[in-house]
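Undergrad: Got a structure here, written out as structure tokens. Questions coming.
The values are calculated or read from the model by the stated rules, or taken from the named source; none is laboratory data. Quick caveat, the model's predicted, so the values are computed rather than measured. Cβ atoms come from the backbone with ideal geometry, glycine included; neighbour counts cover every protein chain shown. Note: areas computed on protein heavy atoms with side chains; ligands, DNA, RNA excluded. Shrake-Rupley method; radii C 1.70, N 1.55, O 1.52, S 1.80 Å.
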Amino acid sequence: MLLLDIFLLRLAPYRHACESPRAGLYIGAFLVVTGTLYGLLVAALQRSAAGMIQGIGVADIPAWALFGGNVLSGIVVTIMVHVGITFLAWLMARAIGGPGILAAIYRCTAYLLPLTWPALPQVARKTALAGQQPVPLPYDVLYLPLAVVALSLFLIGLTNAYVVTQGKGVARAAFGAALFALFTLSILLIA
């Protein structure tokens, strides 16, 4: 199983997630790498924006504390988001008439995490600038288009994960991914 297979939107990575005894290592790696990337981006964007964190200027925070703290919190956030995605994906799997199989969905949703990497700059931007006036950041015109690409990749990957884990056809699996997207959008609109 190659990381390239995930980005080529093949079914093989999701079969690997369900069947391979080494899948746990990949799951842990995807969680740690995604959290680390997110934390590093948040720290870098906080440094670029030169704002304040709880009344302390970002420039006054040592780099090791800023980056280390954001990486640790990024990993924790990634784990929590993964658990949330897993349960929502499980609910939608049941909604399309699949058997659910929470363990398989948990494994496959971890394999979806690399597909979200293009969206991390946009998500990190929102986090880094929370409660501050928007300021121009490096390459910020690319953040939203990359997030749209990541969302598309994620939903296609979720469709593939449903095909593998739920044993449903592509149309029903795509319907499950669409339900996932609609439910998530409704929650985001409320928040």
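Undergrad: So what's the net charge close to Pro13: Lys and Arg +1, Asp and Glu -1, counting the other residues with Cβ under 15 Å from its Cβ?
TA: Values: positive: Arg10, Arg15, Arg22, Arg107; negative: Asp5, Glu19.
In short, +2.
Undergrad: Give me the mean projected area, in nm² to one decimal, of the convex hull enclosing the Cα positions of the stretch 62-156.
TA: Result: a mean projected hull area of 7.6 nm².
Undergrad: With all protein chains present, calculate the accessible area of Asp140 using a 1.4 Å probe and round the result to the nearest 10 Å².
TA: For Asp140, solvent-accessible area is about 50 Å².
Undergrad: Taking a probe of 1.4 Å, how large is the accessible area per residue of the stretch 2-190, in Å²?
TA: 52 Å²
Undergrad: Give the average over all directions of the projected area of the C-alpha convex hull of the chain, one decimal, in nm².
TA: 11.2 nm²
Undergrad: While we're here: Can you give the three extents of the C-alpha atoms in the stretch 1-73 along their principal axes, from longest to shortest, in whole Å?
TA: 49, 22, 16
Undergrad: Also, quick follow-up: Among 102-113, 142-153, 29-40, how do they line up from the highest to the lowest mean number of other beta-carbon atoms within 10 Å?
TA: Sorting 102-113, 142-153, 29-40 by mean packing, highest first, produces 102-113, 29-40, 142-153.
Undergrad: With the full set of protein chains in place, find how many percent of the accessible area of the chain is carbon and sulfur; take the probe as 1.4 Å.
TA: After summing per-atom areas, the C and S share lands at 73 percent.
Undergrad: May I ask for the distance between the Cα centers of the stretch 32-49 and the stretch 136-162, given as a whole number of Å?
TA: With the stretch 32-49 and the stretch 136-162 each reduced to a Cα centre, they are spaced 17 Å.
Undergrad: Any idea of Leu41's accessible area? Nearest 10 Å², probe 1.4 Å.
TA: Answer for Leu41: close to 60 Å² accessible.
Undergrad: Contact order normalised by length for the chain, with contacts defined as Cα pairs under 8 Å and 6 or more residues apart; what percent is it?
TA: Computed over the chain, the figure is 29 percent.
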